[in-house]
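Here the structure is laid out as structure tokens; the discussion comes afterwards.
The values are calculated or read from the model by the stated rules, or taken from the named source; none is laboratory data. Because the structure is predicted, anything quoted here is derived from the model rather than measured. Reconstructed Cβ throughout: ideal geometry from the backbone, glycine too, with neighbour counts over all protein chains shown.
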Amino acid sequence: MPKVIFDVPAPKDRRWKFWRKAIDAVNTSVSNGYAFDGRFLAPGRKAELPIGTFVLIYDEVGNRRYHAPEVALYDLSASGHLEPVRDDQGVVRAEGASWALELRDRVARLMGQEVETPLAAHMDADLALLLRDLLAWGLTAGMPATMAGRIKGALGETARQVAMLGGGAS
């Protein structure tokens, strides 16, 4: 793939954290910024990358009391410009502390990676009712906290499905 030299954008505010990263892959099992594998680029300098490379730009902006991340995904064009990436949800960008979770699966899909679907997507109505009953009868009391938490999470995701069957999710 042909490469192009481009200017890596300078930080919006040098007082706070900032970085730029050429994304090679996304680890969908990680829920923070470490989910995005690739190499860091020096802000304000030139770099050479293949055309079509995704570049994640992270800037913390704000004042001394409150500053928060602004993160966006860009695509390196043949002309050497970084173009904002869009998907079916619009421009791929996020603000605030949960930015990595908001972007992780969207970026993975854009890179053609398999995205793990939540348990609820595979759960049928009978299993959802069984899990609801386990919680209602207190049968999760002896389970490890992580397993009980997963059941509660799965029920939260399937609350609509259970409600449609005439049961109420607890």
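Counting just the residues of segment 18-67 that are in contact with a Ser or Thr (Cβ under 8 Å, 6 or more places away or on another chain) and in contact (Cβ under 8 Å) with a residue 60 or more places away in the chain, which one comes out nearest to ALA97 (Cα to Cα)? Checked segment 18-67; the qualifying residue nearest to ALA97 (Cα to Cα) is ALA35. List pairs: first residue in segment 1-17 and closer than 14 Å to LYS46 by Cα, second residue assigned to a loop (DSSP other than H, G, I, E, B) and charged (D, E, K, R) anywhere in the structure, Cβ distance under 8 angstrom, at least six positions apart or on different chains. Partner pairs satisfying both residue conditions: ASP7/ARG45; VAL8/ARG45. Among the residues of segment 62-78, none is identified as within 15 Å of the chain's Cα centre (by Cα) and surrounded by fewer than 13 Cβ atoms within 10 Å (Cβ to Cβ).
Per-residue answers, yes or no, for (1) modelled with pLDDT under 95; (2) touching a Lys or Arg at 6+ places or on another chain (Cβ under 6 Å); (3) within 21 Å of MET1 (Cα to Cα):
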{"site": "ASP37", "(1), (2), (3)": "no, no, yes"}
{"site": "LYS46", "(1), (2), (3)": "no, no, yes"}
{"site": "ILE57", "(1), (2), (3)": "no, yes, no"}
{"site": "HIS67", "(1), (2), (3)": "yes, no, no"}
{"site": "SER77", "(1), (2), (3)": "no, no, yes"}
{"site": "ARG86", "(1), (2), (3)": "no, no, no"}
{"site": "ARG93", "(1), (2), (3)": "no, no, no"}
{"site": "LEU103", "(1), (2), (3)": "no, no, no"}
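Considering only residues in segment 95-112 that are free of Cβ contacts under 8 Å to residues at least 24 places away in the same chain and under 22 Å from HIS67 (Cα atoms), the one that is surrounded by the fewest Cβ atoms within 10 Å (Cβ to Cβ) turns out to be SER98.
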